[in-house]
Each structure stands twice: as structure tokens, then as C-alpha cells.
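One structure is given here, and the rest of the page talks about it.
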Amino acid sequence: MSLTEKDRQYLWHPYTQHKTSQTPIAITKAEGALLWDENNKEYIDAIASWWVNPFGHSNKFIADAIYKQLTTLEHVLFGGFTHEPAVKVAERLMEILPKNQQKIFFSDNGSTAVEVAIKVALQYFFNKNEKRTTIIAFENAFHGDTFAAMAASGISFYTQAFQGMFIDVVRIPVPIKGQEQVSFDALENAIKKHNCAGFIFEPLVQGAAGMVMYEPEALEKLIRICAANKVLTIADEVMTGFGKTGKTFAMDYVLEEPDMICLSKALTGGTIPMAITTFTQDIFDAFYDDDINKALFHGHTFTANPTGCAAALASIDLLQTKEMQQNIARINTSHLNFQKKIGTHPKVITARTLGVIFAVEIKSDSEESYYGSMRTKLYNFFINKGVVLRPVGNIVYILPPYIMTDEQLHKVYTTIEEAIEMV
Ligand SMILES: *Cc1c(COP(=O)(O)O)cnc(C)c1O
């Protein structure tokens, strides 16, 4: 039996309707921006394997750091114990995070990072004997698939089976150009009408919504409204973190600081699942008490796994090299040129770029659903051409590993141009 046949017998894949979907492609090897399947067909990974892999696949520098850690201290429980890799990750993050971030809490993935942030927002007010139980989130947000993260997420078909079982969430429009005031007013209204504990948002780019972008000034205003009303702000940088927007964090474009930040995806360079939620001293202090009940009773078995920490440290090293910063700038320039070229195409509605993120919306006769027919046609076209891209409805986006060569990037662009002609 081939790998894919055995897969079909036993495995259940994420976001997959197994009755109608095609068999998955079995990847046997990866290096840099390239993947190879079991028939030795080559693919360019133009989405960094769901946005996790900025420094390329099978990266030797990160692998060496992981191996060294695995053969020194692979894991120890983090309840009652600590270790150097965790402390070092904290120290490194303190150097690069917004200055008000003072405490870090480890977990395992983007959803748990969000779960922790939402629980902390709710318990912060519980600990202060204040009744605040509503979370504010953007329309079409994506914050993960565990329960609180799912409640905050606004992509409805992901969550429709669970409506009515969620924590209280009010949704406000994203302040895209021309819609800023509507968004500000909706936030003011939500705060007036509900007992709001926190506001969670994807800063500047909503990834899963199709790389929807909005301006830093609009986010500054929203954060100021929250601060004036003591609503805690949560920047979900799970997708945007570690260079994707052209700066280390999307919040580096924003003059106001959030109360909490969620990190995962590129944190370990796409090697070991790990996540971090960071907090202000004020938040930590609301849990710091002689009363044990005020503690944060949240943890995961693999919290602060030393191997994951070693991978994170190596990744931050790589991100901060001159070479990697030049790569990010190079890809950004390249994207802007492609945007100029493709933006005026008669079949294109709009194209946009921030950092290494590029997205183009293609005209369509009918309302394109997330996994609709245009999406399937585009996806298959790209796969046939050996380019991994996962369009969202009629939106095609690129989020390449920073080490992608100009030649590879050029092939991705040409393939997208061909796809636009094809649909
Ligand atoms: C991917 C993502 C998550 C969820 O992360 P998982 O590791 O898939 O649980 C949360 N927030 C944002 C913004 C994301 O892009």
C-alpha cells in the first residue's frame, strides 16, 4: 500500500471533508522553500506551511540547537521547576516586545495562547470583584479552534455547530479604509452596552480572513478607547509575529501598547509546536496574592518544553541576522512591484502588501465562499504547477519563507498570473 492509501485508511485531516476532498500529497523531504512528494515532484512552499516557517525547511542551525538541547535536557515539568532555555527565551523576548510587556506564559499552540489570554482577561476582573464577562472581537477574525478562541473567531462556518455554547462575544467591524469611524463607534457602543473585559484583535492583518489589512492609526484609536474604559487589549500576533509584516511584530507599527500579546507559529521557526502569551506587570499583579484562588490555574503538560525553547532562541537569532532582515526587505520590494503590475489587471479587484505578505482579490461572477468552486480550481491549478498556495475564496495570498529566492518568487508570481487568466 502507498503512503496515501494507508493515510486514507487511518487518518483524519484538519479542515477536510474526506468524502469530497482529494487524497493528500505525501511529502517525503523538504529543504529551504522546497518540498518533494513521494514521486519526487517538487513544490514551492509559498505559504511557509501555514505561516510557520520563515527560515526555510530542515534548517540546520535550528536543528543543531534542538539536537543539543535534546541531548542535554529534553524536558522537565514547569510546575515547581525552571530551566535556562525558558529564562533565556523570556530575556530575549523582553528585548524585542513592546516595553510594557513584562511577564511571559508558555503553552503549546496559537489557540492555547489565545485561550490563556481570554481566561486571564476574564479572571483579571473576577479577581478584582468586578463583573466583566464579555469579550470584543473583530468580524471575520480568526483566533484558533479551541473553545474560547473559537468563540472569538468570526468565520461562521468554522464555528456554526457550536453557536449558543460560547462565552459572550460582541463583534465590531474591522477599521478598513473608509470604515474607521463605523468601527470606533461600534467599539464605543459595545463597551457602553456590555460589561467588557477584553478586546482581542489580529493587529494590521487578518490572516485567515484572506490577509485583510487596516492601518496602525485606526488600531491606536481602538486601543485608546479600550484603555479609557479599562478594557484589556489582546494583540493576537500568532500569524503576524517575527517579521511577517516587515517589523518584528505588527504592534511595532502601532504607537499604543496592548495589555497582552499572543505568539506562536514562527516562534520556533516552524519546528516544534510552542506558544507564548505575554502580559503587563499590572495584569500579573492582579493574580499575585496570598490567596491561592487568585492564581492562574492553567497549564499544559509540555509547558516551556526546553527543546521548543532552544528552537525559539535559534529562530530569534536567525531573525535578527542582517541577512534575514535583507531577505524580508527584498521580498517586500518584490511584492510591491508585483502588486503594481497585477493591481490594474481587468480581472483583479485589488492587491495589497505588508512586509512579506501579499494578497490579490480576483473578480468573480458569484459570491465566492471560503472553500468554494473558484478556490478549488485555483488550488488545483497551483498544485499541478508545483506551487503550494491555499486561496481563501477568491483571494490568493503569498506568505513565503524569508529565504525564498528571487527565482522561486518569480515562479510563484507567474503562476498566479496564469491562474488569473485561467479563471
Ligand atoms: C493560526 C492562528 C491561530 C491558531 O493557532 P493554532 O496553532 O493553529 O492553534 C490563532 N490566531 C491567529 C491569528 C492565527 O493565525
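Here, each number is a calculation from the coordinates, and none is a lab measurement. This is a predicted model, so every value here is computed, not measured. Don't worry about glycine lacking a Cβ; one is built from the backbone with ideal geometry, like all the others, and counts go over all protein chains shown.
Loop-located chymotrypsin sites (Phe, Trp or Tyr not before Pro) in region 1-34 (DSSP state not H, G, I, E or B) with no more than 13 neighbouring Cβ atoms inside 10 Å: Trp12, Tyr15.
When both bridge partners sit in region 63-319, DSSP labels roughly 40% of those beta bridges antiparallel. Along region 152-164 the Karplus relation, 6.51 cos²θ - 1.76 cosθ + 1.60 evaluated at θ = phi - 60°, assigns HN-Hα couplings of 6, 7, x, 7, 5, 6, 5, 10, 5, 5, 10, 4, x Hz to successive residues, with x for each Gly and Pro. Would you mind giving the average projected area, over all directions, of the Cα convex hull of the chain in nm² with one decimal? Average projection, Cα convex hull of the chain: 21.5 nm². How large is the translational diffusion coefficient of region 357-408 in µm² per second when you combine the Kirkwood radius over alpha carbon pairs with Stokes-Einstein at 4 °C and 1.567 mPa s? In µm²/s, the coefficient is 110. Would you list which lysines come within 17 Å of Lys193, measuring only between C-alpha atoms, while excluding same-chain residues fewer than 8 positions from it? Excluding near neighbours in sequence, the set is Lys131, Lys230. The loop-placed GluC sites (Glu not before Pro) in region 28-98, going by DSSP, that have at most 15 neighbouring Cβ atoms within 10 Å of their Cβ come out as Glu38, Glu74. The Cα atoms of region 272-423 give a gyration tensor whose axes a ≥ b ≥ c have a/c of 1.5 or more with a/b greater than b/c, which makes the shape prolate. Equivalent ellipsoid of region 1-99: semi-axes from √(5λ) of the C-alpha gyration tensor, largest first, are 35, 18, 16 Å.
For the chain, a Gaussian network of Cα nodes joined below 10 Å ranks Ala190, Ala141, Ala46 by mean-square fluctuation, and the top entry is Ala190.
When the chain is treated as a GNM with alpha-carbon contacts under 10 Å, the residue of Asn129, Asn109, Asn384 showing the greatest mean-square fluctuation is Asn129. Other residues lying with their Cβ under 14 Å from the Cβ of Tyr288 contribute a combined charge of -2, Lys and Arg counting +1, Asp and Glu -1. Within the listed set Met239, Met404, Met165, the Gaussian network model of the chain (springs between alpha-carbon atoms below 10 Å) gives the highest mean-square fluctuation for Met165. Per residue, the Cα convex hull of region 200-351 amounts to 153 Å³. When the alpha carbon gyration tensor of region 174-273 is reduced to an equivalent ellipsoid, the three semi-axes, largest first, read 24, 15, 12 Å.
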